[in-house]
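Below you'll find the structure, written out as structure tokens, and then a few comments.
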Amino acid sequence: MLNFPTEQQPTARIIFQSHDHYQVIFNDRSVHQATLTGRLQIGDDLPVIGDFVSGQLYDQDKFLITALLPRQTLLTRSSGQQKQVVAANITTVFVTMSLNADFSVSRVERYLTLAWDSGASPVIVLTKADLEPDLLAARQLELAEIAFGVPIITTTNTDPTAIKAELLAYLTPTTTAIFVGSSGVGKSTLLNIVAMQQLQATKASRANDGKGRHTTTARHLYYLANGAALIDSPGLRGVGVASSTTTAATQNFPDITELARLCRFNDCQHRSEPGCAVQAAITAGSLNPKRLTDYHRLTREIEYATMNSRQITAAKIKRMVGNKKNLRRH
Ligand SMILES: Nc1nc2c(ncn2[C@@H]2O[C@H](COP(=O)(O)OP(=O)(O)OP(=O)(O)O)[C@@H](O)[C@H]2O)c(=O)[nH]1
Ligand SMILES: [Mg+2]
Ligand SMILES: [Zn+2]
């Protein structure tokens, strides 16, 4: 039996969604195709993967979703100006990154922000440790500097026993975890290992640049034997941190917003990201650095205004240490 909320009506959990086609799982682990009632279809809050819903069975095995049950957490990301809902009721976010081509501390930081913002707890998973054994210690250290108590797990697919032990420590019967990270880092590989069956296809990365092939194309939630739920997701192209800062920033800093369109990353924070057009303009003397300082102050204030106290403390510590790290570099 799964840990479902009890309701008057039958309760189910969304394990897959593609446009208006849903799949749900019942407490007895039976899986059904599902659709939304008209009222839900036109509402603001569309059910997403991980949501608990109530409704009715019809036609023997089809499920009509009539209500969305309250969410404990909501994982979102921003894509350009838009906020996208990734999944609901996530308790643990496995921020997955490979030790080789994909390694980026700033990307991990962005994922950690997404996870904290959602109300879930992050765990950093450093994969493919076998590929660059000489780099392992240095990379673990780099991550430890920004992790702040967030656990860091290191995995290699040649040691499934260790992977199971490490990941299952975070996969209790009340957990709903999700793998996030770039394509090809080994998310589906990890899922298959902890589930001890070939649930998801995996594919070798491209030989020339080591980039993934976007093998997984949709999110899918699986229940493990112990009752933990685990979502595999496609590699995300960019990690946008959704926030209400965008509008305010656009209004007050048209010069920076204009330049930002030329930054390499569309979620560039204009701090030390490579290919940052705002930093380049400052270096070239065409933008007064004070503009950027003011811009950062504004975005930080808005961020704080929307954070809870735990997040504010975490953000302050991160900022303090970020500064120290920069000092050391100079
Ligand atoms: N050497 C090595 N290869 C690994 C490891 N983990 C996964 N791989 C390989 O990396 C490739 C990509 O793995 P996937 O699990 O498909 O990656 P993914 O993150 O699910 O990729 P998308 O579905 O595209 O987002 C496969 O060929 C895996 O066998 C590891 O620890 N070491
Ligand atoms: Mg995959
Ligand atoms: Zn930038």
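The values are calculated or read from the model by the stated rules, or taken from the named source; none is laboratory data. Values in this document were obtained by computation on a predicted structure and should not be read as measured data. Don't worry about glycine lacking a Cβ; one is built from the backbone with ideal geometry, like all the others, and counts go over all protein chains shown. Side chains included, ligands, DNA and RNA excluded: accessible areas come from the protein's heavy atoms. Shrake-Rupley method; radii C 1.70, N 1.55, O 1.52, S 1.80 Å.
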* Amide H to amide H under 5 Å from residue 87: which residues, 5+ apart in sequence or cross-chain, H placed 1.01 Å off N in plane? -> 75
* List, in order, the whole-Hz ³J(HN,Hα) value for each residue of the stretch 116-125 obtained from phi through the Karplus relation with A = 6.51, B = -1.76, C = 1.60 and θ = phi - 60°; use x for Gly and Pro. => 4, 4, 7, x, 8, 9, x, 9, 8, 10
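Going by a ≥ b ≥ c, the root eigenvalues of the Cα gyration tensor, does the stretch 74-232 fall in the rounded group (a/c under 1.5), the prolate group (a/b larger than b/c) or the oblate group? Could the numbers behind the result be given before it?
Numbers: a/c = 1.24, a/b = 1.10, b/c = 1.13.
Taking the square roots of the gyration eigenvalues as a ≥ b ≥ c, the stretch 74-232 is rounded.
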* **Ranked by how many other beta carbons lie within 10 Å on average, peptides 193-201, 122-130 from highest** => 122-130, 193-201
* To do: Step through the residues of the stretch 273-286 one at a time and calculate ³J(HN,Hα) from phi using the Karplus curve (6.51 cos²θ - 1.76 cosθ + 1.60, θ = phi - 60°), rounding each to whole Hz and writing x for Gly and Pro.
  => 5, x, x, 7, 6, 5, 4, 4, 5, 5, 4, 6, x, 8
* Amide H partners (placed H, <5 Å) of residue 276, local residues excluded -> 264
* Whenever you get a sec, compute what percent of the accessible area on the stretch 74-232 sits on carbon and sulfur atoms (1.4 Å probe). => 51 percent
* To do: Determine ³J(HN,Hα), in whole Hz, for all residues of the stretch 174-183 in sequence, where each value follows from phi through the Karplus function 6.51 cos²θ - 1.76 cosθ + 1.60 and θ = phi - 60°; x replaces Gly and Pro.
  => 9, 7, 10, 10, 9, 8, 10, x, 5, 5
* Structure fact -> Under 5 Å from the placed amide H of residue 175, counting only residues 5+ away or on other chains, we find 229
* To do: Report the antiparallel proportion of the DSSP beta bridges in the stretch 74-232 as a percent, rounded to a multiple of 5.
  => 35 percent
* To do: Could you pull out the pairs from 83/203; 164/187; 164/203 whose alpha carbons sit more than 24 Å apart here?
  => 83/203
* Structure fact -> The distance between the Cα centres of the stretch 71-122 and the stretch 172-194, in whole Å, is 13 Å
* Asked: Around residue 286, with a cut-off of 15 angstrom between Cβ atoms, what is the net charge of the other residues, counting Lys and Arg +1 and Asp and Glu -1?
  -> 0
